[in-house]
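The values are calculated or read from the model by the stated rules, or taken from the named source; none is laboratory data. Keep in mind it's a predicted model, so treat the numbers as computed, not measured. Virtual Cβ from ideal backbone geometry, glycine too; neighbours counted across all protein chains shown. These area figures cover heavy atoms from the full protein model, side chains too; ligands, DNA and RNA do not enter into them. Shrake-Rupley method; radii C 1.70, N 1.55, O 1.52, S 1.80 Å.
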Amino acid sequence: MCVLISCVKTPLVSVHGEQTRTVFANIRLESVIIMNFLSVKRLDSLGRSSSISSLNTSLDGVNLDDSSYSSGSEDTLEDEGIHLEIDIEDGRLNTFPTRTILRLEPVDDFGDLISIRLSTNHHSFSLKRSVTIRSANSFYYLQQTLKALHPYLSTPSLPPKPLLIFNSQHRKLEIFAKFLSSVLHERKYLSNKALHLFLQTQLSLERIQQNLDGVRDDDVTTNPLVDRR
(Lines give C-alpha, C1' and ligand atoms only; values in the text may rest on other atoms or scores of the structure.)
Protein backbone atom coordinates (compact mmCIF):
# COMPACT_ATOMS: atom_id res chain seq x y z
CA MET A 1 0.00 0.00 0.00
CA CYS A 2 1.41 3.35 -0.96
CA VAL A 3 0.06 6.80 -0.32
CA LEU A 4 0.84 9.33 -3.01
CA ILE A 5 1.44 12.72 -1.50
CA SER A 6 2.13 16.00 -3.21
CA CYS A 7 4.76 17.84 -1.25
CA VAL A 8 4.55 21.14 -3.13
CA LYS A 9 4.38 24.05 -0.74
CA THR A 10 2.20 26.96 -1.79
CA PRO A 11 3.41 30.32 -0.49
CA LEU A 12 0.93 32.73 1.01
CA VAL A 13 2.28 36.25 0.59
CA SER A 14 1.17 39.31 2.52
CA VAL A 15 2.72 42.75 2.20
CA HIS A 16 3.02 45.13 5.13
CA GLY A 17 4.79 48.36 4.18
CA GLU A 18 8.25 47.49 2.89
CA GLN A 19 8.26 43.98 4.33
CA THR A 20 7.05 40.92 2.44
CA ARG A 21 6.32 37.86 4.51
CA THR A 22 5.96 34.39 3.00
CA VAL A 23 4.13 31.75 5.02
CA PHE A 24 3.92 28.13 3.92
CA ALA A 25 0.79 26.15 4.67
CA ASN A 26 2.66 23.31 6.39
CA ILE A 27 0.12 22.64 9.10
CA ARG A 28 -2.74 22.09 6.64
CA LEU A 29 -0.52 19.92 4.43
CA GLU A 30 0.54 17.78 7.38
CA SER A 31 -3.10 17.38 8.47
CA VAL A 32 -4.13 16.21 5.00
CA ILE A 33 -1.24 13.74 4.89
CA ILE A 34 -2.08 12.35 8.32
CA MET A 35 -5.81 11.98 7.70
CA ASN A 36 -5.30 10.44 4.24
CA PHE A 37 -2.79 7.97 5.63
CA LEU A 38 -4.89 6.97 8.61
CA SER A 39 -8.09 6.69 6.58
CA VAL A 40 -6.41 4.31 4.14
CA LYS A 41 -5.00 2.26 7.00
CA ARG A 42 -8.44 2.11 8.60
CA LEU A 43 -9.93 0.79 5.35
CA ASP A 44 -7.20 -1.83 5.25
CA SER A 45 -7.94 -3.03 8.76
CA LEU A 46 -11.71 -3.14 8.26
CA GLY A 47 -12.36 -3.77 4.58
CA ARG A 48 -9.52 -4.85 2.34
CA SER A 49 -7.07 -7.66 2.91
CA SER A 50 -3.91 -5.83 3.85
CA SER A 51 -0.48 -7.20 4.64
CA ILE A 52 0.27 -4.27 6.94
CA SER A 53 -1.52 -4.59 10.26
CA SER A 54 -2.14 -1.66 12.56
CA LEU A 55 -0.59 -1.42 15.98
CA ASN A 56 -3.95 -1.99 17.62
CA THR A 57 -4.53 -5.10 15.55
CA SER A 58 -1.22 -6.49 16.76
CA LEU A 59 -2.37 -5.90 20.33
CA ASP A 60 -5.82 -7.48 20.05
CA GLY A 61 -6.39 -9.68 23.07
CA VAL A 62 -3.20 -8.51 24.76
CA ASN A 63 -3.40 -6.89 28.18
CA LEU A 64 -0.55 -4.43 28.59
CA ASP A 65 -0.68 -5.01 32.33
CA ASP A 66 -0.39 -8.78 31.92
CA SER A 67 2.83 -10.09 33.43
CA SER A 68 2.81 -13.20 31.22
CA TYR A 69 4.48 -11.56 28.23
CA SER A 70 8.11 -12.24 27.39
CA SER A 71 10.45 -9.49 28.50
CA GLY A 72 13.25 -7.94 26.51
CA SER A 73 13.24 -6.47 23.04
CA GLU A 74 11.74 -8.05 19.95
CA ASP A 75 12.22 -6.64 16.48
CA THR A 76 10.12 -8.09 13.68
CA LEU A 77 9.43 -7.08 10.10
CA GLU A 78 5.85 -6.98 8.84
CA ASP A 79 6.17 -6.08 5.15
CA GLU A 80 7.16 -2.42 5.16
CA GLY A 81 6.75 -1.76 8.90
CA ILE A 82 9.05 -2.30 11.87
CA HIS A 83 7.42 -3.71 15.01
CA LEU A 84 9.51 -3.35 18.16
CA GLU A 85 8.79 -4.42 21.72
CA ILE A 86 10.80 -2.37 24.24
CA ASP A 87 11.46 -3.22 27.85
CA ILE A 88 11.49 0.13 29.66
CA GLU A 89 12.56 0.00 33.28
CA ASP A 90 9.84 1.29 35.60
CA GLY A 91 12.04 2.32 38.51
CA ARG A 92 9.27 2.18 41.09
CA LEU A 93 8.73 -0.40 43.82
CA ASN A 94 5.87 -2.90 43.87
CA THR A 95 4.66 -2.24 40.32
CA PHE A 96 3.37 -4.50 37.56
CA PRO A 97 5.70 -5.19 34.64
CA THR A 98 5.43 -2.59 31.92
CA ARG A 99 5.13 -3.16 28.21
CA THR A 100 5.86 -0.78 25.37
CA ILE A 101 5.30 -1.53 21.70
CA LEU A 102 6.63 0.75 18.99
CA ARG A 103 5.73 0.49 15.32
CA LEU A 104 7.23 2.50 12.48
CA GLU A 105 5.69 2.52 9.01
CA PRO A 106 6.47 4.48 5.84
CA VAL A 107 3.89 7.04 4.76
CA ASP A 108 5.38 7.91 1.38
CA ASP A 109 7.36 5.98 -1.22
CA PHE A 110 10.65 7.61 -0.31
CA GLY A 111 10.70 6.98 3.44
CA ASP A 112 10.81 10.71 4.19
CA LEU A 113 7.57 10.60 6.21
CA ILE A 114 7.23 7.99 8.94
CA SER A 115 4.25 6.95 11.03
CA ILE A 116 5.17 6.29 14.67
CA ARG A 117 2.65 4.28 16.69
CA LEU A 118 3.24 3.88 20.40
CA SER A 119 1.36 1.63 22.80
CA THR A 120 2.51 1.51 26.40
CA ASN A 121 1.41 1.18 30.00
CA HIS A 122 4.53 2.87 31.34
CA HIS A 123 3.73 5.60 33.84
CA SER A 124 5.94 8.18 32.10
CA PHE A 125 3.56 8.51 29.15
CA SER A 126 0.31 10.46 29.20
CA LEU A 127 -1.36 8.36 26.49
CA LYS A 128 -1.46 4.58 26.36
CA ARG A 129 -1.92 4.64 22.58
CA SER A 130 -0.83 7.35 20.20
CA VAL A 131 0.18 7.90 16.59
CA THR A 132 2.14 10.68 14.94
CA ILE A 133 3.83 11.28 11.61
CA ARG A 134 7.35 12.69 11.53
CA SER A 135 9.84 13.45 8.79
CA ALA A 136 13.22 11.78 8.59
CA ASN A 137 14.86 15.13 9.37
CA SER A 138 12.86 15.46 12.58
CA PHE A 139 14.73 12.51 14.11
CA TYR A 140 17.94 14.51 13.80
CA TYR A 141 16.26 17.43 15.53
CA LEU A 142 15.29 15.15 18.41
CA GLN A 143 18.82 13.77 18.60
CA GLN A 144 20.39 17.24 18.77
CA THR A 145 17.81 18.40 21.30
CA LEU A 146 18.48 15.46 23.61
CA LYS A 147 22.22 16.03 23.22
CA ALA A 148 21.89 19.70 24.15
CA LEU A 149 19.60 19.10 27.13
CA HIS A 150 21.46 16.03 28.44
CA PRO A 151 25.14 16.69 27.66
CA TYR A 152 26.27 14.24 30.34
CA LEU A 153 24.59 11.30 28.56
CA SER A 154 25.80 9.42 25.50
CA THR A 155 23.20 10.37 22.90
CA PRO A 156 22.00 7.49 20.68
CA SER A 157 23.61 7.76 17.28
CA LEU A 158 22.22 8.33 13.81
CA PRO A 159 24.15 8.07 10.55
CA PRO A 160 25.22 11.32 8.86
CA LYS A 161 22.14 12.77 7.21
CA PRO A 162 23.57 12.81 3.64
CA LEU A 163 24.13 9.04 3.86
CA LEU A 164 20.42 8.34 4.37
CA ILE A 165 19.80 8.58 0.63
CA PHE A 166 21.89 5.46 0.11
CA ASN A 167 19.66 3.39 2.40
CA SER A 168 16.52 1.54 1.40
CA GLN A 169 13.16 2.49 2.88
CA HIS A 170 13.23 -0.53 5.18
CA ARG A 171 16.77 0.24 6.32
CA LYS A 172 15.74 3.79 7.22
CA LEU A 173 12.94 2.41 9.38
CA GLU A 174 15.42 0.09 11.10
CA ILE A 175 17.77 3.00 11.81
CA PHE A 176 15.06 5.22 13.30
CA ALA A 177 13.47 2.35 15.25
CA LYS A 178 16.83 1.49 16.81
CA PHE A 179 17.37 5.16 17.66
CA LEU A 180 13.98 5.51 19.38
CA SER A 181 14.48 2.23 21.20
CA SER A 182 17.81 3.43 22.57
CA VAL A 183 16.24 6.74 23.62
CA LEU A 184 13.37 5.02 25.45
CA HIS A 185 15.78 2.70 27.25
CA GLU A 186 17.43 5.70 28.91
CA ARG A 187 15.35 6.58 31.97
CA LYS A 188 16.63 10.15 32.14
CA TYR A 189 15.16 10.89 28.72
CA LEU A 190 11.69 9.86 29.84
CA SER A 191 11.21 13.17 31.66
CA ASN A 192 12.17 15.18 28.57
CA LYS A 193 9.25 17.25 27.29
CA ALA A 194 10.56 17.38 23.74
CA LEU A 195 10.54 13.58 23.54
CA HIS A 196 6.91 13.33 24.66
CA LEU A 197 5.73 16.09 22.32
CA PHE A 198 7.66 14.44 19.50
CA LEU A 199 6.17 10.97 20.05
CA GLN A 200 2.61 11.70 21.14
CA THR A 201 1.51 14.96 19.48
CA GLN A 202 1.32 16.49 16.01
CA LEU A 203 3.05 19.69 17.10
CA SER A 204 5.57 20.95 14.59
CA LEU A 205 9.26 21.05 15.48
CA GLU A 206 9.03 24.83 15.65
CA ARG A 207 6.32 24.64 18.31
CA ILE A 208 8.20 21.95 20.20
CA GLN A 209 11.21 24.25 20.27
CA GLN A 210 9.02 27.12 21.47
CA ASN A 211 8.01 24.93 24.40
CA LEU A 212 11.65 24.38 25.26
CA ASP A 213 12.29 28.12 24.94
CA GLY A 214 9.41 28.92 27.30
CA VAL A 215 7.35 30.67 24.63
CA ARG A 216 4.64 28.00 24.66
CA ASP A 217 3.41 25.53 27.27
CA ASP A 218 1.77 22.65 25.42
CA ASP A 219 1.20 19.17 26.75
CA VAL A 220 0.38 15.80 25.28
CA THR A 221 -3.18 15.53 26.57
CA THR A 222 -4.31 18.70 24.78
CA ASN A 223 -2.58 17.95 21.48
CA PRO A 224 -2.94 14.22 20.86
CA LEU A 225 -3.74 12.15 17.82
CA VAL A 226 -4.87 9.03 19.61
CA ASP A 227 -4.67 5.64 17.93
CA ARG A 228 -8.06 4.06 18.70
CA ARG A 229 -8.14 1.49 15.91
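If you take the beta carbon distance between V215 and H123 as r and set R0 to 30 Å, what does 1/(1 + (r/R0)^6) give as a FRET efficiency, to the nearest 0.05?
0.60
In whole Å, how far is the Cα centre of the stretch 114-165 from that of the stretch 207-221?
16
Which of rounded, prolate or oblate describes the stretch 80-152 when judged by the alpha-carbon gyration tensor and an a/c cut-off of 1.5?
On the way: a/c = 2.72, a/b = 1.37, b/c = 1.98.
Cα axes put the stretch 80-152 in the oblate bin.
Hey, if we sort H83, H170 by accessible area with the 1.4 Å probe, largest down, what's the order?
Result, largest first: H170, H83.
For the stretch 107-197, just say rounded, prolate or oblate: build the C-alpha gyration tensor, square-root its eigenvalues into a ≥ b ≥ c, call rounded for a/c under 1.5, and beyond that prolate if a/b exceeds b/c, oblate if not. Numbers along the way, then the final one.
Details: a/c = 2.15, a/b = 1.27, b/c = 1.69.
Oblate, because a/c is 1.5 or more while a/b does not exceed b/c.
Can you tell me how the stretch 150-218 classifies by the Cα gyration tensor, rounded, prolate or oblate, using a/c under 1.5 as the rounded cut?
Numbers: a/c = 2.11, a/b = 1.53, b/c = 1.38.
Prolate shape, in that a/c is at least 1.5 and a/b is the bigger ratio.
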